[in-house]
Amino acid sequence: MPQPKSFQQVFQELWDLLKSYAQQETVGPLKNLGNQFKWGMAGSMFVALGIFLLTMFVLRAMQTQVPFFRDNVGWNWGPYFVAFVVLALFMAWVGLRMKKAFDTVNPGRASGSDPVGDSDL
């Protein structure tokens, strides 16, 4: 028959188990989250830079290649307005896509329902 463990041994085993569990469930996922954040931020910066440069290319092409904007001095603001509208539409499209993705991931929040029930406050 095995000897019963002392209180100190049981407490030490429990403490080691709790420490390893906490490390497994917090430190590991936080490292993974940091890695995803790092690559996500780098990717979003490159995408934003690409969109900006593409917009500047289209703006400059309209200024130099479209005769209406090139020859009419009163319409020199036109390419800037077109670039602004295109960027605003793109941002609206991205916002709608993000909302759709959020509603897909969190279906209880999609209808505007209050899952906590404190909407009367």
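The values are calculated or read from the model by the stated rules, or taken from the named source; none is laboratory data. Bear in mind the structure is a predicted one, so any value in this text is a computation, not a measurement.
Okay, residues lined up against (1) within 24 Å of the chain's Cα centre (by Cα); (2) in a helix (DSSP H, G or I); (3) of a type in the set (V, I, T); (4) modelled with pLDDT under 90:
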| site | (1), (2), (3), (4) |
| --- | --- |
| T55 | yes, yes, yes, no |
| A61 | no, yes, no, no |
| G74 | no, yes, no, yes |
| A83 | no, yes, no, no |
| L87 | yes, yes, no, no |
| F90 | yes, yes, no, no |
| R97 | yes, yes, no, no |
| R109 | yes, yes, no, yes |
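Given the structure, is E25 more than 30 Å from F84 (Cα to Cα) and either at pLDDT 90 or above or not charged (D, E, K, R) (or both)?
Taking the combined requirement at face value, the residue does not satisfy it.
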